[in-house]
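Okay, structure first, notes after.
The values are calculated or read from the model by the stated rules, or taken from the named source; none is laboratory data. All of these numbers come straight from a predicted model, not from anything done at the bench. For the accessible areas, the whole protein counts, side chains as well, though only heavy atoms, and no ligand, DNA or RNA atoms are used. Shrake-Rupley method; radii C 1.70, N 1.55, O 1.52, S 1.80 Å.
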Amino acid sequence: MNGENQMNHCMLEVSTPANSLRGFPEERIIAIECVFFDPETGGIGQQYYRVVNIADENNVVHMSHAYFRQLMMADSRVRSAVLAGDVSEKEAVMDVCKFISANTSKSRQLHCWQHGDGTSLARLIMAVEDYGCSPSNVLPQNIKPAHLSTLITVAAATGYVPHPRRDSAQFTLTDAAYRAEQVCEIWQRLTEQFTDLSE
């Protein structure tokens, strides 16, 4: 892919059972989604999604009893999505790093958006280190974290309310594409008046 045509914004979602920054050592990644997008045009680009196989012998020892209780209480769509996982955690982690590197322009800074507690990038970096790799060897050097929650807080002052997640959303365990849409909506809402002035 031509670097000049690559998007320099991506939404990263690294999902763990506890949904916290490795609050417990046994909690591991269960799903990863990353989607590239252009907030100025609202265009959605390349997308990566993988669900980790929790039955993989390299992963199952890291799953806590709390996670399995949480899974049993989840609705059938979530249980089905988790049980359909088909890659190891290591494979998911290394593949998303390759995906990010392949779709990032070498000459432009990459804005890596995150939602909620804003720890998806940190989770990914920790996982890379867990597997004995240096993040600087597998991820672009020009990544700048960005936080959707901050953007939503600013946009709320203008009356912005996020649209509901669609029931037909492509993935059950992650919301990266939906959250990329939110960034695009807010970006255009906040910059619209300046675009009008420049015309």
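Take the solvent-accessible surface of the protein heavy atoms, probe 1.4 Å, and return the percent of it on region 89-185 that carbon and sulfur atoms account for.
On the way: 2570 of 4680 Å².
Result for region 89-185: 55 percent of the exposed heavy-atom area is carbon or sulfur.
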(message) Just to verify a number: what accessible area does D38 come out at with the full protein assembly present, 1.4 Å probe, Å² rounded to tens?
(response) 50 Å²
(request) In whole Hz, with x marking every Gly and Pro, tabulate ³J(HN,Hα) for region 109-124 from phi via Karplus 6.51 cos²θ - 1.76 cosθ + 1.60, θ = phi - 60°. (result) 6, 9, 8, 9, 7, 9, 10, x, 6, x, 10, 4, 5, 5, 4, 4
(message) Heavy atoms of the protein only, probe of 1.4 Å, neighbouring chains included. What is the accessible area of W113 in Å², nearest 10?
(response) 20 Å²
